[in-house]
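Here's the structure, in structure tokens; my notes come after.
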Amino acid sequence: MSTANLDAVFNPGSVAIAGVSTKETAEQFGGGAYLQAMIRCGFKGPLYPVNPKGGEVMGLKVYPSVRDIPGPVDYVISAIPASAALQLTKDCVAKGVKAMHFFTSGFSELGQKGEGARLEREILALAREHGMRIIGPNCMGVYCPSSGVSFLADLCSESGNVGAI
């Protein structure tokens with residue numbers, strides 16, 4: 001796999017966020033927090049909130065599934081339960097998504113050997129087979145101020161000459 005595939009992680013053209021609630025609150029958490037962060041940090045590409053109920057949030061149409069999004073999707077943030085993550089991964093593969101970030105927890109990162117570990121193996125096998133990058137699970141994600149990719153709205157700032165991985 002080429003390192004060029006990392007461009008979709010740090011400079012995606014479009015981002016879908018699975019697990020966004022259509023009920024706006026002052027203290028968004030999960031998918032809503034990611035959506036707020038991307039908007040406030042100036043992400044310039046299309047943002048696609050995803051929730052099976054559809055609707056609208058923060059002035060954006062909410063799509064029931066990644067497959068329902070009309071345009072291409074480079075990067076998907078998962079803020080849904082682990083039990084739904086395999087189907088989301090299948091949807092991302094069908095859509096041609098290049099990178100997925102799992103804020104979702106409940107896989108082997110917690111030392112689990114049962115269902116969570118099995119789901120993780122299946123997700124990784126799908127991702128490897130289709131050349132899709134995976135970030136996580138159970139992590140905050142990527143922060144790249146030059147492209148407006150962020151996990152916290154308060155992190156917005158100008159890019160500098162230091163990077164951390």
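The values are calculated or read from the model by the stated rules, or taken from the named source; none is laboratory data. Fair warning: this is a prediction, and the values are worked out from it, not measured in the lab. As a convention, Cβ positions derive from the backbone with ideal geometry for all residues, glycine included, and neighbour counts pool all protein chains shown. The protein model used for the area step is the full one, side chains on, heavy atoms only, and it has no ligands, DNA or RNA in it. Shrake-Rupley method; radii C 1.70, N 1.55, O 1.52, S 1.80 Å.
Couple of notes before you dig in:
- Pairs with Cβ under 6 Å, 6+ apart, first in the range 145-161 and surrounded by 10 or more Cβ atoms within 10 Å (Cβ to Cβ), second of a type in the set (Ser, Thr, Tyr) and modelled with pLDDT of 85 or more: Ser150/Tyr143; Leu155/Tyr143; Ser159/Ser146
- Considering the conditions (1) in contact (Cβ under 8 Å) with a residue 60 or more places away in the chain; (2) over 14 Å from the mean Cα position of the chain (by Cα), Thr22 is excluded by exactly one of them, (1).
- Residue ranges of strands (runs of 3 or more DSSP E) in the range 1-107 with at least 3 members within 20 Å of Glu120 (Cβ to Cβ): 75-78, 99-102
- The set of residues in the range 119-165 that are under 19 Å from Cys92 (Cβ atoms) and of a type in the set (D, E, K, R) comprises Glu120, Arg121, Glu122, Arg128, Glu129, Arg133.
- Which listed residue is among the small types (Gly, Ala, Ser) and either in contact with a strand residue (DSSP E or B) (Cβ under 8 Å, 6 or more places away or on another chain) or at pLDDT 95 or above (or both), from Ala117, Ala84, Ala33, Ala37: Ala84
- Filtered residues of the range 53-80 (kept if open to solvent by 30 Å² or more (accessible area, probe 1.4 Å), of a type in the set (A, V, I, L, M, F, W, C) and under 15 Å from the mean Cα position of the chain (by Cα)): Ile80
- Hits in the range 48-66 - residues which are over 13 Å from Leu88 (Cβ atoms) and either small (Gly, Ala, Ser) or out of contact with any strand residue (DSSP E or B) (no Cβ under 9 Å at 6 or more places or on another chain) (or both): Gly54, Gly55, Gly59
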